[in-house]
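Notes follow once the structure below has been shown.
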Amino acid sequence: MKIEDFPKDIQDYIIPRPSGKLIYRCLGCGQEFGIEKLLYTCPSCRQVLLIYDTDRDRLKSTAGKTWRRIFDFRKMLTIPALKGIYLFHEFIGPVMPLESIVYLGEGHTPVIEANGRIQERAGARFYFKNDGQNPSASFKDRGMASALSYINYLIQQGHVSDVLAVCASTGDTSASAALYASYLQPAIKSAVLLPHKKVTPQQLAQPLGSGAMVFEIPGVFDDCMKIVESLSENFNVALLNSKNAWRILGQESYSYEIAQAFEYDVKNKVVLVPIGNAGNITAVMSGFLKFFDAGIIDHLPKIIGVQSEHANPVYQYYLEPDTAKRRFVPVAVRPSVAQAAMIGNPVSMPRVMFLVDEYNQKAGAQKIFMAQVAEQEIMDWQLIANRNGHVACTHGGECLAGLTVALKNGWVGPGEVAIVDSTAHALKFSGFQDMYFENRFPGDYEVTPRADLMNAPLFIHPADVEQVPQPGRPLEGDALKRFIQRVSEEIATLLDLKRI
Ligand SMILES: *Cc1c(COP(=O)(O)O)cnc(C)c1O
Ligand SMILES: [Zn+2]
């Protein structure tokens, strides 16, 4: 839709202008730093940072109702820079001129209501939000669009040049980083570090396909992360892990989209997200808080962070009810089908601690809960979901399993509606489905397939058919007729089809 066709009172707002005053704030010592330089940790105390808009009160001078109309009308624009996460420009990267924004199709992923059958089985009304339908097939594209748009801005301003972007990854961060970096060639090149044999073949194929330098490192993600941290402290590289606070800003779009998808009524909503490095849950909390502060939503929804028993440091931390006694202890991870969340020492843990307190305090009640689920439940619920029309990844299964825990614990009651995060596309993790269907999970996963959820292809080659077609050698005449007839008969028998 063209600007002149929008209602008069909206026209002035529809295209955002650079505004706001962003700074990095240290969560340890509270010091603030300018954003002209890329900064990942506090130069004084090494703690993680969050980006704040010191001029955010200006957002309150626009009424919540007006913001809602602005965002809803913006959906009709055809300007690429505003078609993705920057539809919420004022809340994500208000300093960013539209010319710097990189849009590769991220954000505005579908929110799909589950069918009655599976809702009944899970015990609650719920939707999947399919973040696997982002361009690199995971939610990481939200944060990458933000981080790379900002680096693009710094390049355009002449603040940096010849950027080498690096990240450690459980698979999806590198796929996303490599994708966005490849779009900005040659100004930005990317290098990714992956734990050897701990990412799926699809996740390895993605950065290779995008032309990134790919390094496989012995150990698990936490080891890769230490190497990337050492690189970013000693060499001139741009860090694209979620230590980079720009990633968090972009991922806040997930919350804004949920608000918008439910017409900004989030009162009875429960948002379930998996926790790995804890960047995602940080962003989800932060996003809802910003919309709440600006009066765009009237309530803060419940948020349930879900972890596997095999990688559960955040769950363990919040097990202790006495806040004064809580102590964070990293865990040694065990193999998990929620492989992108197989992290024992989450980088964003200080952000989580800080935001959980703020969130519950502003909500006036406990709204954040941490659930733990078994590997078996993750696989079973993923497969059940996908048998009912979804394309959920293992982490989507993890969240759905988390919903059943939340119901059992009474954290979620009748009348509440859950939004379950499928953080990636099912196809990225199809290897785990193969292991389930072929009953070949190594023992340490602790997954035993249920017969009713297994599936396998049947090879049809009737014993009395000698000649079958082969590539380059098609059948003809009677041989072809016989092949078609006998194979059809065999399929009809197996399916118990009735003749017409
Ligand atoms: C990264 C990732 C996670 C974990 O998110 P964090 O921000 O690290 O907590 C979960 N699922 C998928 C598919 C991911 O790629
Ligand atoms: Zn500090």
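In the chain, the portion of solvent-accessible area held by carbon and sulfur atoms comes to 53 percent [1.4 Å probe, whole percent, DNA, RNA and ligands not counted].
Accessible area per residue for the stretch 459-500 is 91 Å², calculated with a 1.4 Å probe on protein heavy atoms, without ligands, DNA or RNA. A 1.4 Å probe run over the stretch 140-243, with the rest of the protein chains in place, finds 39 Å² accessible per residue.
Split the chain at each of the chymotrypsin sites (Phe, Trp or Tyr not before Pro) in a DSSP loop with at most 12 other beta carbon atoms within 10 Å, and the longest piece is 1-234. Along the axis of the charge dipole computed for the stretch 1-158 (Cβ charges of +1 for Lys and Arg, -1 for Asp and Glu, origin at the Cα centre), the listed residues 116, 102, 138 are led at the positive end by 116.
Convex hull volume of the Cα atoms of the chain, normalised per residue: 200 Å³.
Here the 3J(HN,Hα) profile of the stretch 63-70, calculated from phi with Karplus coefficients 6.51, -1.76 and 1.60 at θ = phi - 60°, is 5, x, 4, 5, 4, 4, 5, 4 Hz, Gly and Pro shown as x.
Specify the inter-centroid distance of the stretch 139-212 and the stretch 54-114, based on alpha-carbon positions, in whole Å. Here the answer is 23 Å between Cα centres.
In this view, the solvent-accessible surface of residue 285, computed with a 1.4 Å probe and all protein chains in place, comes to about 0 Å².
Name the trypsin sites (Lys or Arg not before Pro) in the stretch 373-450 that are in a loop by DSSP and that have at most 15 other C-beta atoms within 10 Å, would you?
387, 440, 450
With the charge dipole of the stretch 459-500 set up from +1 on Lys and Arg Cβ and -1 on Asp and Glu Cβ about the Cα centre, the Cα lying farthest toward the positive end among the listed residues 469, 483, 497 is that of 497. Summary value for the stretch 140-243: 31 percent relative contact order, contacts being C-alpha pairs under 8 angstrom separated by 6+ residues. Per-residue surface analysis assigns residue 25 an accessible area of about 60 Å², computed on protein heavy atoms at 1.4 Å probe radius. Seen from residue 294, the other residues with C-beta closer than 12 Å to its C-beta sum to a net charge of +1, counting Lys and Arg as +1 and Asp and Glu as -1.
Contact order, relative form, for the chain: 14 percent (alpha carbon pairs under 8 Å, 6 or more residues apart, mean separation divided by residue count). Residues 416, 309 ordered from highest to lowest accessible area at a 1.4 Å probe: 309, 416.
Put simply, the C-alpha atoms of the stretch 407-464 give a gyration tensor, and the ellipsoid matching it has half-axes of 34, 16, 14 Å, longest first.
For the chain, the longest principal axis of the alpha carbon atoms and the long axis of helix 221-234 meet at an angle near 40°.
Would you work out the charge dipole size for the stretch 140-243 about its Cα centre, treating the Cβ of every Lys and Arg as +1 and the Cβ of every Asp and Glu as -1, and quote it to the nearest 20 debye?
With only Lys, Arg, Asp and Glu charged at Cβ, the dipole is about 160 debye.
A Cβ-based charge dipole, computed about the Cα centre of the chain with Lys and Arg at +1 and Asp and Glu at -1, lands at about 700 debye. The alpha carbon centroids of the stretch 443-500 and the stretch 344-371 are separated by 53 Å.
Hey, how much of the P(r) for the stretch 140-243 falls beyond 25 Å, as a percent of Cα pairs?
Every Cα pair in the stretch 140-243 considered, those over 25 Å come to 12 percent.
Past 22 Å, Cα to Cα: identify those pairs from 37/83; 65/140; 367/408; 37/290; 2/83; 65/269, in the order given.
Flagged as over cut-off: 37/83; 65/140; 37/290.
Is the C-alpha gyration tensor of the stretch 331-412 telling us rounded, prolate or oblate? Criteria: a/c under 1.5 is rounded; beyond that, a/b larger than b/c is prolate, otherwise oblate. Note, shape of the stretch 331-412 comes out oblate. The residue among 81, 409, 164 whose Cα reaches farthest toward the positive pole of the charge dipole of the chain, with charges on the beta-carbon of Lys, Arg, Asp and Glu, is 81. Can you send over the solvent-accessible area of residue 377, 1.4 Å probe, protein chains only, in Å² to the nearest 10? In the full protein context, residue 377 sits at about 60 Å².
The values are calculated or read from the model by the stated rules, or taken from the named source; none is laboratory data. The shown structure was predicted, so the numbers you read here are calculated from the model rather than taken from an experiment. Don't worry about glycine lacking a Cβ; one is built from the backbone with ideal geometry, like all the others, and counts go over all protein chains shown. Only protein heavy atoms, including side chains, enter the accessible area calculation; ligands, DNA and RNA are left aside. Shrake-Rupley method; radii C 1.70, N 1.55, O 1.52, S 1.80 Å.
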